[in-house]
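Q: Structure provided below as structure tokens; questions to follow.
Each reported figure results from applying straightforward, stated rules to the coordinates on display, with no laboratory input. Values in this document were obtained by computation on a predicted structure and should not be read as measured data. Neighbour counts are summed over all protein chains in view; Cβ atoms, including those assigned to glycine, are modelled from backbone coordinates with ideal geometry.
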Amino acid sequence: MYRRQTQTYWTTQSAHEIPLILVQQEMTWWEALSYCRQNHVDLVSVLTNETQGWVETVSKNASTPNVWLGLGLTCPLSFWFWVGGSTVCYQNWAPGNGTGVSDCSNGKRSGALQSGSKQWISLPETQKLNFICTVVSGLLLLYQTELQILLHLYGHNLFSPPFCCSTRPSCTELSLDLLYVHRAKTKHSRQTNRAAAQSLTVMCSTLQFILLFSGLWALAMCVTRQFYVVEELKSWTDAQTYCRGNYTDLATIENQEDMDTILTLLSNQSAVNYWIGLTRNVDQNNNTVFIWSDGSNSTYSDWYPGEPNNKGGQENCVNLYKYFSYKWNDAPCYVTNQFICYKKIPLILVQQEMTWWEALSYCRQNHVDLVSVLTNETQDWVETVSKNASTPNVWLGLRLACSQPIWFWVSGSPVCYQNWAPGNGTGVSDCSNGERSGALQSGSKQWISLPETHKLNFICTV
Ligand SMILES: [Ca+2]
């Protein structure tokens, strides 16, 4: 039966070696997955534009409006994945689909090819659709970077504990709920983990209390800024508007470290003057005061000798002047200068030494989460806040699922943007000596795989 279909499609396509088959039966997603694995190789994983083209070609003869693909959604984490074990990096979602916030309350969802747009859509897994299987094991070779993962996965590991809920015969959930479920082999140990997490919560609350009253909390919570030079000429007010629109505000400089960071930035620049966020004002006693655009009450200053001189009585804004070694100078606000904005980095370095699990719990209790580095910008921020770390490496929210060697972010995102140090993150790290998580390496600022029991500083999102 399927052989006939195979021949049909392989002979009607110009690219006659398409290693996919459209099965013109109507099945639920789980039935389709089982069918493909029993009769062919697997439900198709679309990892490249080329495979997407093949899928569009073979789906032309579908008898249902949409066609199942091997796209699964794990509801606890809102995490889409390919049944082949790959992360969803190449994407072709129809607008509004695949955001990971699909509602799982009305039943589990899977991914299908939409007939018209040929884009991917999220549908309840109980819909009965045609589906596309891969028919050649050699297809694995097309996905060389994914090969290790596929080899490990092959053999229906998705249906085995701990990724499967053993209480339900038709398990539909990849349980990647990290805090408790991943390590819980039994209900009993799950409860134990919960209790451990609760006691950790108490400990952290106490710690927070102590920090609050010792004044250390303020230190731990200090704002970390990322400075940006804007190479456009604007008056001070226009520069302020620009910074507030595109970043956080014009630069506030609260200490010598901020100043040194800016001097490093300016060493690669050629302009003569740069606005910062400081302006002249008068207090209630008619005394001249300088105030920061963002309301900071910092008292740090780095004026050039003889400044501020308010030359001509109209120097109400402050810039960094190249020929004053970028020390501060008051100048007329209407003059157009390049300027320095800052962005408040939504991350915090916690200078305590904790295991990866302790760090995860700490971040979730006291801030938002252990940081997920999804973009180059976040990587820059992570590098910035890690400068003051007291341990050589710093935990990130990067985790390896050992039963299925696949790295993922605790936010539920796949690891598409990557910054691994050589030899790390290949997904074949040895889990036999304990489970592993990802950290930022102090020197290279790249990511490395470490046993989760290492005690490191860590970075939370705030
Ligand atoms: Ca001046």
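Q: Grab the other residues whose beta carbon is less than 11 angstrom from that of Ser293, score K and R as +1, D and E as -1, and report the net. Walk me through the numbers on the way to the answer.
A: Working: positive: Arg244; negative: Asp249, Asp294.
So the surrounding residues net to -1.
Q: So, one more: Cα gyration tensor of the stretch 347-461, axes a ≥ b ≥ c as square roots of the eigenvalues: rounded (a/c below 1.5), prolate (a/b > b/c) or oblate? Could you put the intermediate results ahead of the total?
A: Values: a/c = 1.39, a/b = 1.25, b/c = 1.11.
Judged from the Cα gyration tensor, the stretch 347-461 comes out rounded (a/c under 1.5).
Q: Taking the Cβ of Thr64 as the centre, find all other residues whose Cβ is under 14 Å away and add up their charges (Lys, Arg: +1; Asp, Glu: -1).
A: Details: positive: Lys60, Lys128; negative: Glu26, Glu31.
Once all neighbours under 14 Å are counted, the net charge is 0.
Q: Here's a follow-up. Taking Lys118 as the anchor, which aspartates and glutamates have their alpha carbon closer than 17 Å to its alpha carbon, excluding any fewer than eight residues away along the same chain?
A: Glu50, Glu56
Q: In whole Å, how far is the Cα centre of the stretch 333-383 from that of the stretch 14-58?
A: 42 Å
Q: While we're on this one: Can you tally the net charge around Gln352? Count Lys and Arg as +1, Asp and Glu as -1, for every other residue whose Cβ sits under 14 Å from the Cβ of Gln352.
A: Details: positive: Lys455; negative: Glu353, Glu358.
Neighbour charge sum, excluding Gln352 itself: -1.
Q: Longer than 27 Å from Cα to Cα, which of Lys343/Lys455; Lys344/Lys445; Lys322/Lys445; Lys234/Lys327; Lys234/Lys387; Lys234/Lys311 are they? Say none if no pair is. Working shown, then result.
A: Numbers: Lys343/Lys455 30 Å; Lys344/Lys445 21 Å; Lys322/Lys445 31 Å; Lys234/Lys327 20 Å; Lys234/Lys387 32 Å; Lys234/Lys311 21 Å.
Over 27 Å Cα-Cα: Lys343/Lys455; Lys322/Lys445; Lys234/Lys387.
Q: Looking at the square roots a ≥ b ≥ c of the eigenvalues of the Cα gyration tensor of the stretch 225-344, which shape do they give, rounded for a/c under 1.5, prolate if a/b is larger than b/c, or oblate?
A: Numbers: a/c = 1.35, a/b = 1.26, b/c = 1.07.
Note, shape of the stretch 225-344 comes out rounded.
Q: Using a ≥ b ≥ c from the Cα gyration tensor of the stretch 364-413 (square roots of the eigenvalues), is it rounded, prolate or oblate, where a/c under 1.5 gives rounded and otherwise the larger of a/b and b/c decides, a/b for prolate?
A: Numbers: a/c = 1.64, a/b = 1.62, b/c = 1.01.
Taking the square roots of the gyration eigenvalues as a ≥ b ≥ c, the stretch 364-413 is prolate.
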